[in-house]
Amino acid sequence: VRSADRTLDLLELLAAQPQGLRFADLVEQLGLAKSSLSSLLRTLTAREYVQRTADGKRFRLGRKVLELSANYLGDGDRLEAARRAMQHLADQFGETAHVAVLDGADIITVAVAPSRHAIQIASTTGRRLPAHATAPGKALLAMLSDAEVLALLPPAPAAYTPHTIVAPRELLRELALIRRLGYAYEAEECDSGLHSVAVPIVDATGRGIAALGVSIPTARLDHGAIQHVPQLVAAAAAEVSLSRFPHLRVRRVQPLTIAWSMASLRQQAYQIVYRTIDQAAPAAGVDVIWADAREQPARQATDVAGLLRMRPDLLIIHAAHALHAEALFAQAAQAGVPTIAFQRPVRSRDVDFFVGGDTYEQGRLSAAFVAQQLGGAGRVAMIQGDPYNDNARNLAQGVYAELQRYPGLILIADEPCPFWSRERAQQIAERMLAEHGAQIDALIVANDDMAGGVASAIAQAGLAHSPVLVGGDGDLDALERIRAGTQHGTAFQHWADLARETLSFAVDVIRNQVDRSALQHRSLFYNPPGPPVYVRELPYIFVSCEQLALLEQFWAEVFRITLPELAPDMARVVRPLLTQQ
């Protein structure tokens, strides 16, 4: 039947082109008259078997095609079984459950069981969402190889919220974790105010044919309960699947396993830590399993529960939030897994060791430099870090203690900056400068990213004199500002050395080779103090223009370690340092 042949030819052609085709391309490839093709497209579009792309310039397969294919799901009545599992999850949690399939770079929701709450998530059958920004999409992408994922997604995936993963290397690292844990977690990456967990449904060949998931509004999120959701979703998906998940067949590739839960891997410093460990771990006989909580405490609680189920030899936690961190270490203690608090102090008696720098000493170094520059007399303003972060409070206490040694130094403005935000720091600095103006002789800022915002505020203020500006972390931007004279110093740690020291110390802990008598045993906090813990401290270094070679040498080494990950603007700053050496 000619009309049926034409219809099927058109659908098969569009199926081979997930990004869609223009009308002219369809005419050329199908060899149809424009009038015949127009009529065919009108009918198929009305029936939702074909749809226009967002720009209206191309045609692609519509949701009805996916619904037909989803009803098969590669094996008889898999969809019906998935729907039953989905409804069971919705009844169990009282939240929206759903089944989705992968369509190119997107997922299509093929079944929904709504929440029993009055306020519900807007999830409907046939809804198309980006795979890289959703839990079901990431669960299904993880069933593919890295090469297949990169070929499937656009070179620059769209960002739907500030939390969307758009960098290919970040996404591949996320998928590697999903393969190890067996589930995907999404924290406000597609829709603000929404967390989701999803697990792939696997056919007899081990192929991911759909994903089963649960979505929970952030407002109803329970940090203690969310960590159990992946297990329950995985159990429901396993009942529908026809084979075991590939991750369950993964065996240890190294004698020792360290699970490392980071609050974030986005900052320059933490990228350096990750890349350094990634290169050094195999030679040390260590398999490091990374989890990036992306500063989401609920996600970190889920990550830690999943990592502990893998029975690592040791767990390292870089806490996303001080208020929720104690429960993480308590879980590890209950599981009998030794722990290291990395870089961010925690008020918990279940912490075995702390490795990192003392930001109290960082504050003292910064204030001492200011005192030297001002000759022991002048007016100082301070912009602290996040008010709910213990490192920020420790740093402020260090500044206060050092300033007390100089009666001529007066702190005339002092304010915390929520979320360590560069933009908020600039706004705070603008208010301080508007109120105190030329009276401010120096500004002490909690980190270099915030110091960048403060430098902009100083430049815009048009002051007759330039206040002394100090920050912390030793960022590349700070290096450039110190070189240009718009920032005067920074207190930083050698992040690559910190990474190597942490790895070496972790191996000693696993092998029970740590000499506790050689470590400090003290509180990590200065106001108020907390329980004592064994501390392996790596000191901060203060760098001004006179010692800028130290910072340049550090970034030259980092460039060699992290060359593939460096952004073009970072490479532009560091590459000349290599030629100088």
Review point. Efficiency by 1/(1 + (r/R0)^6): what FRET value for Glu435 and Val1, r their Cβ-Cβ distance, R0 = 56 Å, to the nearest 0.05?
Key: 0.10
**Study point:** Accessible-area value, Asp91, 1.4 Å probe, nucleic acids and ligands omitted, Å²
**Key:** 100 Å²
Practice item. Let me have the relative contact order for the chain, percent, based on Cα pairs under 8 Å that are six or more residues apart. Key: 9 percent
Point to revise | Probe 1.4 Å, all protein chains present, accessible-area order of Tyr270, Tyr185, Tyr160, Tyr400, largest first | key: Tyr160, Tyr400, Tyr270, Tyr185
Check your understanding: In the chain, how does Rg compare with the Kirkwood Rh, expressed as the Rg/Rh ratio over alpha carbon atoms?
Key -> 1.04
Check your understanding: Roughly how many Å² of His117 are accessible to a 1.4 Å probe, to the nearest 10?
Key -> 70 Å²
Practice item. Any lysines with Cα under 22 Å of the Lys34 Cα? List them, leaving off those in the same chain fewer than 8 positions away. Key: Lys57
Practice item. Evaluate the distance, in nm, between pseudo-label points positioned 7 Å from the Cα of Phe419 and of Arg311 along their respective Cα→Cβ axes. Key: 4.2 nm
**Study point:** Summed side-chain charge close to Ala413 - residues other than Ala413 whose Cβ falls under 14 Å, Lys, Arg +1, Asp, Glu -1
**Key:** -3
Revision key, fill the gap. Counting only protein heavy atoms and leaving out ligands, DNA and RNA, the solvent-accessible surface of Glu537 at a 1.4 Å probe, in Å² to the nearest 10, equals 50 Å²
Exercise for review: Give the ranking of Arg52, Arg299 by solvent-accessible surface, highest area first, calculated with a 1.4 Å probe.
Suggested key: Arg52, Arg299
Review point. Summing -39500 (n - 2.57) over the DSSP H runs of n ≥ 4 in the chain and dividing by its residue number, what mean residue ellipticity at 222 nm do you reach, to the nearest 500 deg cm²/dmol?
Key: -13500 deg cm²/dmol
Point to revise | Gap separating the Cα centres of the range 305-324 and the range 85-143, nearest whole Å | key: 27 Å
Point to revise | Label-to-label distance, nm, for residues given as Ala459 and Gln520 (7 Å Cα→Cβ offset) | key: 3.7 nm
Check your understanding: Accessible area, 1.4 Å probe, largest first: how do Ile410, Ile317 sort?
Key -> Ile410, Ile317
Exercise for review: List the extent of the Cα atoms of the range 161-306 along each of their three principal axes, largest first, rounded to whole Å.
Suggested key: 41, 37, 28
**Study point:** Gyration tensor (alpha-carbon) shape descriptor, the range 478-556, a/c threshold 1.5
**Key:** oblate
Practice item. Give, in nm to one decimal, the length gained when the segment between Ala484 and Arg405 is fully stretched (0.36 nm per residue of separation minus the Cα-Cα distance). Key: 25.4 nm
**Study point:** For the chain, accessible area per residue (1.4 Å probe, heavy atoms of protein chains only), Å²
**Key:** 43 Å²
Practice item. Mind putting a number on the dipole of the range 170-323 about its Cα centre? Charges go on the C-beta only, +1 for Lys and Arg and -1 for Asp and Glu, and I need it in Debye to the nearest 20. Key: 520 debye
Practice item. Using a 1.4 Å probe over the heavy atoms of the protein chains, calculate the carbon and sulfur portion of the accessible area of the chain as a whole percent. Key: 51 percent
Practice item. Using 0.36 nm per residue of separation minus the Cα-Cα distance, give me the extension gain between Glu326 and Thr205 in nm, one decimal. Key: 39.3 nm
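Taking every pair of alpha-carbon atoms in the range 269-333, give the share separated by more than 18 Å as a whole percent.
For the range 269-333, the fraction of Cα-Cα distances above 18 Å is 40 percent.
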Point to revise | Inter-label distance, nm, simple model (7 Å from Cα along the C-beta direction), Asn527/Ser466 | key: 3.1 nm
Exercise for review: Please list the non-local residues whose amide H lies under 5 Å from the amide H of Gly378, H modeled 1.01 Å from N, same-chain partners needing a gap of 5 or more.
Suggested key: Leu409, Ile410
Review point. Between Asp106 and residues 5 or more places away or on another chain, which pairs have amide H atoms under 5 Å apart, with H built 1.01 Å from N, and which residues are they?
Key: Ala131
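The values are calculated or read from the model by the stated rules, or taken from the named source; none is laboratory data. This is a predicted model, so every value here is computed, not measured. FYI the Cβ positions are ideal-geometry reconstructions off the backbone, even for glycines, and counts take in every protein chain you see. These area figures cover heavy atoms from the full protein model, side chains too; ligands, DNA and RNA do not enter into them. Shrake-Rupley method; radii C 1.70, N 1.55, O 1.52, S 1.80 Å.
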